[in-house]
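Worksheet: the structure to be examined is printed underneath.
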Amino acid sequence: MRAMRLIPPLDCRDEIARRLQAIADQHHLNAILGVNAAAMRLAEQYQQHRRRGNILGPLHGIPLIIKDNIACASLPLTLGCKGLASLKATSDARVIQRLRAAGAIILARANMSEFAFDVRSRSSLGGDVLNPLQPKVTAGGSSGGCAAAVAAGMADAALGTDTGGSIRIPCSYTGLVGLRPAFRRSMLEGVAPLSISKDTVGPMVHSVRDAAILHAIIHGAQPTEPEIISLKSVRLGVISALAGEDPAQLKVWHQALDKLRMAGATIIEVELPILTEVASQHCLSLYEFQVAINGWLKQQQNGPACLQAIIASGDCLPEFLPLLEQMLMWRSLKTPEWLNSRRFQRRLSLNLNHSAEHHRIDAFLYPTVARQPVSLEKMPPGSAPELAAISGLPAITLPCGQAENGLPVGLELMAKTRDESFLLALALGCESVFQGE
């Protein structure tokens with residue numbers, strides 16, 4: 001399994017200087033919108049604490065990259081949009097408060113898909129985020145800047161947001177581990193909204209152990225070593241309908257299933273007729289975004305008053321204008337369309353629960369995306385990322401191999417309950433199999 005990397009550095013100053021140099025050397029990836037000018041000063045303070053034997057927490061002196069829709073006090077908070085370039089956060093988001101209390105240093109703000117709309121990271125402030133593994137293809141989105149930064153060594157961890165796959169898709173494209181926690185509205189304090197019914201915040205890292213550490217900290221828990229689960233007692237429900245038709249990816253996917261079988265896992269084919277409806281559902285963000293973003297803008301200083309003002313200014317991606325104008329139609333919640341989508345959330349949750357009970361499975365399993373990226377343009381990811389997003393269940397992606405084209409292939413595990421502890425333990429077991437241990 002992959003080694004844990006989130007270990008406090010012996011010299012905080014050297015660590016921060018090294019990561020800042022990596023950011024400067026790889027600026028062409030467009031992963032970063034801006035660095036924290038106070039990072040080196042904080043590193044000096046943290047090193048003084050270390051000399052006195054005062055370790056501030058499990059993340060003492062560890063630099064983190066933060067997606068630019070999560071508030072970090074005194075730093076810009078732009079969502080990648082030129083129309084929001086003047087905004088600065090006046091306080092930390094709840095998750096940032098907990099990361100700082102654990103000793104982390106906020107190093108930089110990550111580029112993202114503007115407003116977190118897309119599964120490709122392109123913004124009017126930062127341009128296209130390039131995949132450091134193959135710069136001619138997208139790093140995915142909307143947390144693509146976070147994924148590119150971690151994959152390129154600008155930091156060992158980042159915090160992103162996931163509404164419909166925005167953590168898991170870029171982690172799949174760049175060979176990282178990405179956790180979408182169960183939906184909990186209380187965790188979104190200080191996070192710019194896309195969908196109040198689906199938004200989540202989670203870690204983007206190199207290993208399942210590191211994901212478990214950050215997950216515990218941002219949820220106010222003490223980090224502990226996750227137990228590794230023997231796959232000999234595990235029943236996994238494979239949703240083959242989500243496998244897609246990408247030959248390069250399918251080859252790796254079937255090899256990964258064979259490895260899991262050889263490790264003792266029982267693989268059960270699961271059919272979900274409701275999947276045909278997942279593909280046809282309008283995303284809840286279509287109905288919720290204007291209400292949510294207008295409420296958020298009212299709490300900010302020196303920014304536009306509302307979504308209509310951003311559109312009128314023209315300071316946003318032109319390709320998003322049709323979608324933004326469509327969103328203007330929905331001025332309140334509890335419309336018939338919104339209620340239908342909320343009812344579908346409950347139906348999908350019930351269907352997944354019934355399937356898990358009927359097949360006696362411990363978790364669901366499928367490729368994270370339907371196909372790998374081939375350019376900087378948007379790659380339809382398929383319905384897989386929406387299963388966890390709509391149901392509210394936690395899901396984690398981890399690399400299960402590399403295709404012949406050199407790009408990693410992501411495998412997603414989705415829990416059957418809202419408890420992440422078993423999911424992380426299971427992911428740790430799968431990771432050990434794919435790493436040949």
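The values are calculated or read from the model by the stated rules, or taken from the named source; none is laboratory data. Here the structure is a predicted model, which is why all the values come from computation and not from measurement. Every residue, glycine as well, gets a Cβ built from its backbone with ideal geometry; the counts of neighbours run over all protein chains shown. The protein model used for the area step is the full one, side chains on, heavy atoms only, and it has no ligands, DNA or RNA in it. Shrake-Rupley method; radii C 1.70, N 1.55, O 1.52, S 1.80 Å.
Summary table below
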{"quantity": "Breaking point among (1) under 21 Å from the mean Cα position of the chain (by Cα); (2) farther than 29 Å from His282 by Cβ; (3) basic (Lys, Arg), for Lys259", "calculated": "(1)"}
{"quantity": "Scan of region 58-79 for residues that are without any contact (Cβ under 8 Å) to a residue 60 or more places away in the chain and either part of a loop (DSSP other than H, G, I, E, B) or crowded, with 21+ Cβ neighbours inside 10 Å (or both), ordered by number", "calculated": "His60, Gly61, Cys72, Ala73, Ser74, Leu75, Thr78"}
{"quantity": "Matching option when the condition is within 30 Å of Gln255 (Cβ to Cβ), assigned to a helix (DSSP H, G or I) and among the polar types (S, T, N, Q), among Ser285, Ser349, Ser355, Ser341", "calculated": "Ser355"}
{"quantity": "Strands (runs of 3 or more DSSP E) wholly inside region 86-188 that include at least 3 residues being aliphatic (A, V, I, L, M) and in contact with a helix residue (DSSP H, G or I) (Cβ under 9 Å, 6 or more places away or on another chain)", "calculated": "105-110, 157-162"}
{"quantity": "From Pro223, Pro193, residue being over 16 Å from the mean Cα position of the chain (by Cα), part of a loop (DSSP other than H, G, I, E, B) and crowded, with 16+ Cβ neighbours inside 10 Å", "calculated": "Pro223"}
{"quantity": "Residues that are part of a strand (DSSP E or B), under 18 Å from Thr161 (Cβ atoms) and over 15 Å from the mean Cα position of the chain (by Cα), drawn from region 372-407", "calculated": "none"}
{"quantity": "Any hit, region 389-400, residues being open to solvent by 10 Å² or more (accessible area, probe 1.4 Å), under 21 Å from Lys251 (Cα atoms) and touching a residue at least 24 places away in the same chain (Cβ under 8 Å)", "calculated": "yes"}
{"quantity": "Selected residue (criterion: farthest from Ala148 (Cα to Cα)) from residues of region 409-429 that are of a type outside the set (Gly, Ala, Ser) and out of contact with any helix residue (DSSP H, G or I) (no Cβ under 7 Å at 6 or more places or on another chain)", "calculated": "Thr417"}
{"quantity": "Among (1) within 17 Å of the chain's Cα centre (by Cα); (2) charged (D, E, K, R); (3) more than 24 Å from Leu284 (Cα to Cα) - the single one Glu357 does not satisfy", "calculated": "(1)"}
{"quantity": "From the options Leu231, Leu214, residue that is surrounded by fewer than 24 Cβ atoms within 10 Å (Cβ to Cβ), closer than 18 Å to Leu398 by Cβ and among the aliphatic types (A, V, I, L, M)", "calculated": "Leu231"}
